[in-house]
Amino acid sequence: DNSMVTNQVKTGAALKIPIAHGEGRFYADEATLADMKANDQILFRYCDANGNVDAAHNPNGSLENIAGVTNKGRNVFGMMPHPERAADPNLANEDGKALFESILAGVSA
């Protein structure tokens, strides 16, 4: 992927990243969502362990299971899951580490 936060993440990979929010979810009007899709600005979606996106794996009712987005320049992003809670072998989950490696690779390039 060519975004600052996902360049070290395998396309289509299902990452196990904790969530810790009781409220809040992604929403956009139809035109904005269409524009974001056309510009490939949707970075992450809530899914099952096999990468299947469905309502059962959408913890907060986010529009189209969207968990993370980027701007058109692909240098600013926002996401609801917490990759910092999945970036250390002592936490028994390093799936979030690739996001930080992506950022480091991007700023040091």
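Here is how the numbers come out for the structure above:
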{"quantity": "Selection status of Ile19, touching a residue at least 40 places away in the same chain (Cβ under 8 Å) and either hydrophobic (A, V, I, L, M, F, W, C) or within 12 Å of Met80 (Cα to Cα) (or both)", "calculated": "yes"}
{"quantity": "Single residue of Glu30, Glu23 found to be among the acidic types (Asp, Glu) and at pLDDT below 95", "calculated": "Glu23"}
{"quantity": "Of all residues making up region 20-47, the number that are in contact with a strand residue (DSSP E or B) (Cβ under 8 Å, 6 or more places away or on another chain) and among the β-branched types (Val, Ile, Thr)", "calculated": "1"}
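The values are calculated or read from the model by the stated rules, or taken from the named source; none is laboratory data. What you see is a predicted model; the values in this text were computed from it and never measured. Heads up, the Cβs are rebuilt from the backbone with ideal geometry, glycines too, and the neighbour counts pull from every protein chain shown.
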